[in-house]
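As structure tokens, the structure follows; a few thoughts come after it.
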Amino acid sequence: MSLEDKEGIFIKLVKKKTALFSILFLSVLFILSIFSYFIINDNTPDSNNQQLEIALKPPGFRTDILLAPKPNKNKTNIFQQLVNGSPSSYDEIPFKNITELEGSYRLVSHIDRLRFIPIKQTTITNKTYWLGTDKFGRDILSRLILGIRISLVIGLMAVCISLIIGIAIGAAGGYLGGWVDKAVMYLINITWSIPTLLLVFAIVIAFGRGFYIIFLAVGLTLWVDVARLVRGQVLKIKEEEFITAARSLSYSSFRVIRKHIIPNIIGPLLVIAATNFAVAILIEAGLSYLGFGIQPPAPSVGNMLNENYGYAISGKPFLAIIPALTIMTMVLAFNLIGSGLRDILDVKSID
């Protein structure tokens with residue numbers, strides 16, 4: 001596929017309103033994910049700054065906060081802060097009202113508890129919790145953005161793994177044929193017969209619940225669709241005259257596949273990559289919701305839903321609705337992009 005063809009596909013895609021909105025929406029999410037710790041209110045590791053005195057506050061809640069410097073300040077460089085955030089240099093103490101006494105502040109907290117804080121080197125600031133706070137008093141918006149970052153990273157890595165494995169296996173089977181193709185189809189059929197979530201559970205239970213294991217497990221379950229697609233496309237293309245010409249020039253099978261076949265099936269691969277990205281996000285959210293995914297206190301949209309779904313019928317439905325809507329909109333956006341690509345490239349089937 002030439003550069004002009006790729007540009008033409010992009011131009012046609014952005015002309016579709018649903019696809020354009022999805023691209024813009026996901027672009028914003030990716031930017032927020034990359035620079036999340038420089039944007040969010042709570043830039044401590046995992047946004048796990050717990051303030052029980054302001055737990056379960058509604059969206060838009062604002063409060064004054066007294067910042068008291070900690071004796072030992074942990075310094076982090078920009079890269080460390082970009083990836084993991086930085087420990088707070090202050091004790092944050094939210095309060096309803098404050099009275100200055102000789103040598104100290106008299107604070108009244110949001111649960112009407114009195115505290116006395118030395119005046120030395122303290123600062124008063126104001127903070128807004130745009131999506132409210134959870135049962136531990138943590139900023140929901142901060143944790144949601146970090147949860148989105150985890151979902152997107154796991155989705156991206158899982159799709160890359162599935163493409164690498166699926167293209168290699170599918171292209172080998174379709175191009176070489178014979179016993180290689182039979183072995184490939186045998187492997188595909190065995191993997192296809194195992195329910196996706198069951199296979200993911202088995203991998204996670206066997207190797208652990210770490211971040212890297214999760215995207216590896218998801219990637220190892222998504223390669224089957226890619227392999228089936230690539231095999232079917234290779235079987236069609238390898239009989240074309242330009243492939244016969246390449247063979248007559250004694251090009252190696254690897255070179256023919258890499259330079260002459262793969263570029264001609266980029267379109268269907270883009271469609272299935274977008275679809276698999278949505279599936280990967282759903283699988284990761286499901287794993288975290290069931291307790292097999294990202295482990296607390298690390299935020300994940302799935303485990304946020306697990307922690308808060310009980311509040312849906314107890315007067316604070318926003319705690320469950322917010323992560324549920326986040327999962328829905330991300331999956332919908334990738335599916336809309338996939339549908340747009342399918343229409344533009346006239347991809348009728350992935351079989």
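The values are calculated or read from the model by the stated rules, or taken from the named source; none is laboratory data. Bear in mind the structure is a predicted one, so any value in this text is a computation, not a measurement. Don't worry about glycine lacking a Cβ; one is built from the backbone with ideal geometry, like all the others, and counts go over all protein chains shown.
Residues of the range 160-193 being β-branched (Val, Ile, Thr) and more than 24 Å from HIS260 (Cβ to Cβ), which ones?
Within the range 160-193, ILE161, ILE190, THR191 meet the criteria.
Quick one: how many residues across the range 55-84 are farther than 20 Å from TRP130 by Cα and either touching a helix residue (DSSP H, G or I) at 6+ places or on another chain (Cβ under 9 Å) or among the β-branched types (Val, Ile, Thr) (or both)?
Looking only at that region, the number is 6.
Given the structure, is ILE257 crowded, with 22+ Cβ neighbours inside 10 Å and under 30 Å from ILE213 (Cα atoms)?
It is false that ILE257 is crowded, with 22+ Cβ neighbours inside 10 Å and under 30 Å from ILE213 (Cα atoms).
Please list, ordered by residue number, the helices (runs of 4 or more DSSP H) wholly in the range 241-333 having 1 or more residues that are within 23 Å of LYS135 (Cβ to Cβ).
266-289, 301-308
So in the range 226-278, with the set limited to residues that are closer than 24 Å to LEU156 by Cα and charged (D, E, K, R), which one is modelled with the lowest pLDDT?
Looking at the filtered set, the residue picked out is ARG258.
Scan the range 31-46 and report the pairs whose first residue is closer than 11 Å to SER142 by Cα and whose second residue is charged (D, E, K, R) and assigned to a helix (DSSP H, G or I), with Cβ atoms within less than 9 Å and a gap of 6+ or a chain change.
LEU32/ARG149; SER33/ARG149; SER36/ARG149; ILE40/ARG143; ASP42/ARG143; ASP46/ARG143
Do we have any residue at all in the range 96-117 that's of a type in the set (D, E, K, R), closer than 30 Å to LEU325 by Cα and assigned to a loop (DSSP other than H, G, I, E, B)?
no
Which residues, taken from the range 19-51, are farther than 16 Å from LEU131 by Cα, more than 17 Å from the chain's Cα centre (by Cα) and in a helix (DSSP H, G or I)?
ALA19, LEU20, PHE21, PHE38, PRO45
Would you mention how many residues in the range 145-191 are assigned to a helix (DSSP H, G or I) and either more than 13 Å from the chain's Cα centre (by Cα) or not assigned by TED's automatic domain parsing to the domain that holds LEU269 (or both)?
31
It is to be established whether one or more residues within the range 225-238 are assigned by TED's automatic domain parsing to the domain that holds MET157, under 23 Å from the mean Cα position of the chain (by Cα) and either assigned to a helix (DSSP H, G or I) or surrounded by fewer than 17 Cβ atoms within 10 Å (Cβ to Cβ) (or both).
Checking the range 225-238: at least one residue is assigned by TED's automatic domain parsing to the domain that holds MET157, under 23 Å from the mean Cα position of the chain (by Cα) and either assigned to a helix (DSSP H, G or I) or surrounded by fewer than 17 Cβ atoms within 10 Å (Cβ to Cβ) (or both).
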